[in-house]
Amino acid sequence: MFGVDSVEGYSFMRIIRNTLAGAAFAIAAMGSAASALSVDFTGSDPAPANQLMFDFGNLTLTVTAGTFPRNPNPGNINFNTRLVDQDNDGLGADAPFFDSDQIDGFFGNDVLVFSFSREVTLDSILFGNVDGNDDFAFGSVVGSSFSRIVSFQDVPTTSFDLAGISPNGENIGLSFGIGAIGRNDDFTVAGLSFTPTPIPLPATGFLLLGALGLGAAGARMRRKQA
């Protein structure tokens, strides 16, 4: 039979154990790997806009449009020349003068910039309106600087795996550019797949577990002394 003190001590230790387990689970969840996400840009046709925003709960994606020079690399993007145009084929760039609503090389090299609110690994790109003459440029964007990893990559009719052209992690970051170089290019971005970078385990989590652990140890010592 337990005495009153023993029962109280047992109940207290059980609460401590449950609290430790719950805290450990919550903290581990915050530091766990995030799942891959996909976004489909097709099937919608709003008016061209300065930017489009897509919300994924704890992450947002903002798409802007502009033009960039063929040379040098990196080149500065001019964001005042294009609007983001979304139609049934996906995302393109539109100019106010006789320009198509696709990513093309007419009147300057169109580029769409995909900016995430937290770091991601850009896994793959799905293109639309593709023909045999289309090439694309891809790279990282910092401010207005477009550092291209590739400049004349064939646009595939299927999903394009970025790991194959980003062996050193160039597909990891906050902002990426997808553009066209040359008059023969006229395609859209129909979709993206990406994986958010795991949220680092916060230092406060370790402190919490440590404090709870010390509390449990102190309770055991007091119970033994009693």
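Here, each number is a calculation from the coordinates, and none is a lab measurement. Treat the numbers as computed from the prediction; the structure is a model and nothing was measured. Here the Cβ is made from the backbone with ideal geometry for all residues, glycine too, and neighbour counts use every protein chain on show.
Across segment 45-54, computed HN-Hα scalar couplings (Karplus, 6.51 cos²θ - 1.76 cosθ + 1.60, θ = phi - 60°) run 9, x, 5, x, 9, 4, 7, 10, 10, 10 Hz from first to last residue, x flagging Gly and Pro. Remark: segment 62-73, residue by residue, has Karplus-estimated 3J(HN,Hα) of 10, 10, 10, 10, x, 10, 9, x, 4, 9, x, 10 Hz, where x stands for each Gly or Pro and the curve is 6.51 cos²θ - 1.76 cosθ + 1.60 at θ = phi - 60°. Hydrodynamic radius of segment 106-170 by the Kirkwood approach over all distinct alpha-carbon pairs: 13.2 Å. Peptide packing for 46-56, 180-190 was compared via the average number of neighbouring C-beta atoms within 10 Å per residue; ordered from the highest value, the list is 180-190, 46-56. Treating segment 29-125 as a set of equal point scatterers at the Cα positions, no solvent, please give the Debye-formula log₁₀ I(q)/I(0) at q = 0.10, 0.13, 0.17, 0.23 Å⁻¹. Taken in order of the listed q values, log10 I(q)/I(0) reads -0.31, -0.51, -0.81, -1.24. Estimated from the Cβ-Cβ distance and a Förster radius of 25 angstrom, the FRET efficiency linking residue 50 and residue 119 is about 0.55. Between the residues 136, 159, 111, the greatest Cα displacement towards the positive end of the dipole of segment 106-163, with unit charges on the Cβ of Lys, Arg, Asp and Glu, is found for 111.
In this Cβ point-charge picture (+1 for Lys and Arg, -1 for Asp and Glu), segment 37-196 has a dipole of about 620 debye about its Cα centre.
Remark: segment 175-187, residue by residue, has Karplus-estimated 3J(HN,Hα) of 9, 9, x, 10, x, 10, 10, x, 6, 7, 8, 7, 9 Hz, where x stands for each Gly or Pro and the curve is 6.51 cos²θ - 1.76 cosθ + 1.60 at θ = phi - 60°. Under 1.5 on a/c is rounded, so check that first for segment 37-196, then, if it is not, pick prolate when a/b is larger than b/c and oblate when it is not; a ≥ b ≥ c are the square roots of the alpha carbon gyration tensor eigenvalues. Cα axes put segment 37-196 in the rounded bin. By the count of other C-beta atoms within 10 Å, a proxy for reagent exposure, 116, 106 are ordered fewest to most as 106, 116.
Distance between the pseudo-spin-label points of residue 133 and residue 88 (7 Å out from Cα toward the beta carbon): 2.4 nm.
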